[in-house]
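Chemist: Please find one structure pasted underneath; my questions will follow.
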Number of protein chains: 2
Amino acid sequence: MQNEEKFTVNVSQTVKTRLPRYYRYLGKLIKEGTLRISSNELAGLMHVTASQIRQDLNCFGGFGHQGYGYNVRFLYNKIAEILGLDEHYKIVIIDEGNLGSSLTALARLRNRGDDIKALFDVTGARIGQSLVGVPILPKENFVEFCNREKIDIAVLAVPETGVEPAAELVRQTGIRGVLNFSSIHPDLPDNVAIEEVHLDDPLLLLCYDIKHASQDEGNKKQ
Amino acid sequence: MQNEEKFTVNVSQTVKTRLPRYYRYLGKLIKEGTLRISSNELAGLMHVTASQIRQDLNCFGGFGHQGYGYNVRFLYNKIAEILGLDEHYKIVIIDEGNLGSSLTALARLRNRGDDIKALFDVTGARIGQSLVGVPILPKENFVEFCNREKIDIAVLAVPETGVEPAAELVRQTGIRGVLNFSSIHPDLPDNVAIEEVHLDDPLLLLCYDIKHASQDEGNKKQ
């Protein structure tokens, strides 16, 4: 990417939240061997309008050519670059015996080749063990470890009561971003980015789908 | 809720996806003992405009009173009802040795008091055991169990290769909704609702935040 022209990224908050979706669909297209795609075809796949696709992709510099469509791999790499995936951030996980969140986070993150440096077990129960090749360390080592290894991201896989103690640790490091699985917002300086994971939301939407599908059925029968 | 006036729910796809967010914020307000809230205050909390709040809540029948704001618990219950959370759907999980997804799903779902009836372990390794009180059963029992227990929802916590075999099982039951943790779309009849969980997306957005925060820093220093 180094030899390409630098462009100004001017992305609204709304367009930003759609980037991971573009990234996923383009990744699928690459796997399927698709080289080029028109905005109409991409719109059909993603269930949005072609004009939204064109508008969104224009924000990133507009890589499409009239009549030729988009070069799938170029667009994929460009979006990866905009998302910062070319930066290879270093990650640690703080876990409070909630093996589930950790394992999931680990497995998912590792699929993308992210660099998970350690898992900090707040309960102390698994210290000295390792998980998928990632060492499990005590929380007492957190600050020194993160500063020494120049860790960028902390994943908070702790319940509500563990959020403030975890934030207290993060505040003593140079960590630049936090991925928070809890429903409590961690108290961190403005220069630390926070993204929240709401695992419950898709289930709530599914309940909505089911309820309203059966209401529609009921209405049809009347 | 039975004695309340029935109203037509006329919710766009966009407003629908915002419902879990309202539900979460209102739940927090209830925990904090807040009885009433104005659209301006709610907008401040949720980082959206007051006019969007008023517009969204109007779709559900408009429960606000000029000058009084919204009754938090009433609105919370109403959104729960619209989301179908008053229906107590019965849930099973299909798992392929991916303990992580299962445990997470289990823990999160149980927090909301959902009714998880069984975990089906496709690998067979944990059959006969139980997890947080949920029995672990062999996949051979899936169809008979789901039909007998009138299961509504299946959670697919399987890797890509496990999606089609799991969908094959689901097609033989009366299951009405599927929560899919894989990146492969399961092939199911139109009357089965599907919601996808994209665990990676928040991490991608966090990478974006960090990259562009440091770019802004860089620009300031120049």
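The values are calculated or read from the model by the stated rules, or taken from the named source; none is laboratory data. This structure is a prediction, so every number in the text was calculated from the model and none was measured. Cβ coordinates were reconstructed from backbone atoms using ideal geometry, including for glycine residues, and neighbour counts include every protein chain displayed. Accessible surface areas use protein heavy atoms only, side chains included; no ligands, DNA or RNA. Shrake-Rupley method; radii C 1.70, N 1.55, O 1.52, S 1.80 Å.
Chemist: Can you list the distances in nanometres, one decimal and ascending, from the residue B:68 label point to the identical position in each other copy, with the point 7 Å along Cα to Cβ?
Modeler: Here the equivalent label points are 6.3 nm apart from this one.
Chemist: Amide H neighbours of residue B:90 under 5 Å, at least 5 residues apart or on other chains, H built in the peptide plane: list them.
Modeler: Amide H to amide H, under 5 Å and 5 or more residues apart or across chains, residue B:90 pairs with B:152, B:153.
Chemist: Then there is this: In terms of the Cα gyration tensor, with a ≥ b ≥ c the square roots of its eigenvalues, is region B:123-200 rounded because a/c is under 1.5, prolate because a/b exceeds b/c, or oblate? Show your work: numbers first, answer last.
Modeler: Details: a/c = 1.70, a/b = 1.22, b/c = 1.40.
Note, shape of region B:123-200 comes out oblate.
Chemist: In whole Hz and in residue order, list the ³J(HN,Hα) couplings for region A:22-28 that follow from phi through the Karplus curve 6.51 cos²θ - 1.76 cosθ + 1.60, θ = phi - 60°; x for Gly and Pro.
Modeler: Per residue, the Karplus-derived 3J(HN,Hα) values read 4, 4, 5, 5, 5, x, 5 Hz.
Chemist: Distances from residue A:87 to the same residue in each other copy, label points 7 Å out along Cα→Cβ, in nm, shortest first?
Modeler: For residue A:87, the inter-copy label distances come out at 4.2 nm.
Chemist: Which whole-Hz ³J(HN,Hα) couplings does region B:157-170 yield from phi under the Karplus relation 6.51 cos²θ - 1.76 cosθ + 1.60, θ = phi - 60°, glycine and proline marked x?
Modeler: Rounded to whole hertz, the list is 9, 10, x, 3, 5, x, 5, 5, x, 5, 4, 4, 5, 4.
Chemist: Give me a comma-separated list of calculated 3J(HN,Hα) values for region A:116-131, in order, Karplus coefficients 6.51, -1.76, 1.60 applied at θ = phi - 60°, integers in Hz, x for any Gly or Pro.
Modeler: Listing the rounded values in order: 7, 8, 6, 10, 9, 9, 5, 6, x, 5, 10, 4, x, 7, 9, 9 Hz.
Chemist: Now a separate question. In nm, one decimal, shortest first: how far is the label point of residue A:171 (7 Å from Cα along Cα to beta carbon) from the matching points in the other copies?
Modeler: Reported distances to equivalent positions: 5.6 nm.
Chemist: Can you give me the long-range amide H partners of residue B:120? Hydrogens built in the peptide plane at 1.01 Å from N, cutoff under 5 Å, separation of 5 or more residues or another chain.
Modeler: B:93, B:94, B:95, B:137
Chemist: Please give the solvent-accessible surface of residue A:164 in Å², to the nearest 10, using a probe radius of 1.4 Å with every protein chain present.
Modeler: Here the accessible area works out near 90 Å².
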